[in-house]
1. Which ones in the range 37-61 are over 25 Å from M103 (Cα atoms), open to solvent by 90 Å² or more (accessible area, probe 1.4 Å) and part of a helix (DSSP H, G or I)?
2. Residues in the range 125-158 that are part of a helix (DSSP H, G or I) and touching a strand residue (DSSP E or B) at 6+ places or on another chain (Cβ under 8 Å): how many?
3. Being within 16 Å of S6 (Cβ to Cβ) and surrounded by fewer than 22 Cβ atoms within 10 Å (Cβ to Cβ) is true for just one of G95, G66. Which residue is that?
4. Search the range 99-124 for residues being in a loop (DSSP other than H, G, I, E, B) and open to solvent by less than 60 Å² (accessible area, probe 1.4 Å), and hand back the single one that is farthest from G28 (Cα to Cα).
5. Restricting attention to the range 11-36, which residues are in a loop (DSSP other than H, G, I, E, B) and closer than 20 Å to F64 by Cβ?
6. Quick one: in the range 11-37, of everything that is modelled with pLDDT of 95 or more and of a type in the set (A, V, I, L, M, F, W, C), which residue is farthest from D104 (Cα to Cα)?
7. Does G137 fit the bill of being surrounded by 12 or more Cβ atoms within 10 Å (Cβ to Cβ) and on the phi > 0 side of the Ramachandran plot?
Amino acid sequence: MTWTFSPEHVGTPDATALRRDYLGDVAGRYWKRPATEAEIDEYLTDDGAEQLTPPTGQFLVGRFGGKPAACGGVLLLDDERAELTRVFLRHAFRGTGGAAIMMDGLEDAARALGARRMVLNTRLDLVEARALYTRHGYAEIPAYCTGPYMDIWYGKDL
């Protein structure tokens, strides 16, 4: 089986299901309990994901053997920087090489939008994500934004 990644609107059924799984995973880990459907619905309302389309961003959906398995987005912050966001691989597809392919695709998407640097923020408890970013050359940087779910910031020149 092989991985394919392609741009997809955040509102398609596959993209929406992946975004729901992403939110369920990160919220559940933060709250130390499963997120409810109502909590996920509330977060998805006006979450800014509509900006993940050109010219302000891009959203990619990854499929493994044709099955929706991963997603991620890039959002332009200014003329030079894009932010990596909503990076997620369904647990059943981890360890299949999709994360590296997705990171390459997201970096290519950021370059295509004109970005020369990628930045991101994450939480300390998301150890798999932090390992993925450092494997791909991201280094810790000073905070470029603030929020309740941000513990550490990374950046990389593209």
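1. E37, E42
2. Our first condition is that a residue be part of a helix (DSSP H, G or I); within the range 125-158, this holds for 127-135.
After this cut, where a residue has to be touching a strand residue (DSSP E or B) at 6+ places or on another chain (Cβ under 8 Å) as well, the list is 129-130, 132-134.
Going through the range 125-158 one residue at a time, the tally reaches 5.
3. Numbers: G95 fails: within 16 Å of S6 (Cβ to Cβ).
Within the list G95, G66, the selection yields G66.
4. Here is the first cut: in the range 99-124, the residues in a loop (DSSP other than H, G, I, E, B) are 113-116, 123-124.
Subset that is open to solvent by less than 60 Å² (accessible area, probe 1.4 Å): 113-115, 123.
Details: L113: 33, G114: 35, A115: 32, R123: 13 Å.
Ranking the qualifying residues of the range 99-124, first place goes to G114.
5. Initially, the range 11-36 is screened for residues in a loop (DSSP other than H, G, I, E, B), giving 11-12, 32-36.
Within the range 11-36, just T12 meets the criteria.
6. Residue satisfying both the conditions and the ranking: A17.
7. For G137, the condition - surrounded by 12 or more Cβ atoms within 10 Å (Cβ to Cβ) and on the phi > 0 side of the Ramachandran plot - is met.
This table checks each residue for (1) closer than 22 Å to V10 by Cβ; (2) free of Cβ contacts under 8 Å to residues at least 24 places away in the same chain; (3) under 16 Å from the mean Cα position of the chain (by Cα).
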residue	(1), (2), (3)
F93	yes, no, yes
R116	no, no, no
Y149	yes, no, yes
G155	no, no, yes
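The values are calculated or read from the model by the stated rules, or taken from the named source; none is laboratory data. Just so it is clear, the structure is predicted and the values come from calculations on it, not from any experiment. Every residue, glycine among them, receives a Cβ derived from its backbone with ideal geometry; neighbour counts consider all protein chains shown. To get the accessible areas, we keep the full protein, side chains included, count just its heavy atoms, and leave off ligands, DNA and RNA. Shrake-Rupley method; radii C 1.70, N 1.55, O 1.52, S 1.80 Å.
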